[in-house]
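Every number in this text was worked out from the coordinates using simple rules, so none of it is lab data. Note that this is a predicted model, so its numbers are computed, not measured. Positions of Cβ are generated from backbone atoms using ideal geometry, with glycine treated the same way; all protein chains shown enter the neighbour counts.
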Amino acid sequence: MNTRLKSLKKISLFLFLMLSFNAYSQGLGCVGNCKNGKGTYTTPEGITYNGDWANDKKHGKGTLTVSDGGSYTGDWANNKRHGKGSYTYISGTKYIGDWANNKRHGKGTYAYSSGAKYTGDWANGKKHGKGTTTFPDGRTRSGNFSNGNIVVE
């Protein structure tokens, strides 16, 4: 019985090490401290977060890279983009500014891949308040926005 128990323990340890190595070699799971500290976590879908963690959540400073090539670098609070940060989309479009609860919110600049850019106020992910659009040829248009649309006066 004692020999059998030792054999089972060896087999269990071997299986645990093989599964752990397989997940690590594929870049899955956590490297570092993804509970409370600094760590890198990669999902099976290829999404990677590298940064600060608190209570098993992205919290503090960090970078999230998604499998399509987009990435966010900046502040996090309770697993959400919250504070200052920038998101670069695969198209080359980029937003730099304030975030709240995973949405563009506050002051920020959205630079389109066409060369145009909007600088101004945001609320709940949409242009809202005062803002200026600068076109690739240098022309500008300033105005008030509401819920993503320019207000025509």
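Please give the residues of the range 74-118, grouped as numeric ranges, whose backbone N is less than 14 Å from a label point set 7 Å along the Cα-to-Cβ vector of Cys30.
79
Quick one: dipole size for the range 71-120, taken about the Cα centre, charges +1 on Lys/Arg Cβ and -1 on Asp/Glu Cβ, in debye to the nearest 20.
Value, rounded to 20: 80 debye.
If R0 is 22 Å, what FRET efficiency do you get for Ser91 and Arg139 from their C-beta distance, rounded to 0.05? Display every interim value, and only then the final one.
Values: r = 22 Å, r/R0 = 1.02.
The computed FRET efficiency comes out at 0.45.
Using only the alpha-carbon atoms, what does the range 51-153 span along each of its principal axes? Please give whole angstrom values in decreasing order.
Result, largest extent first: 49, 25, 16 Å.
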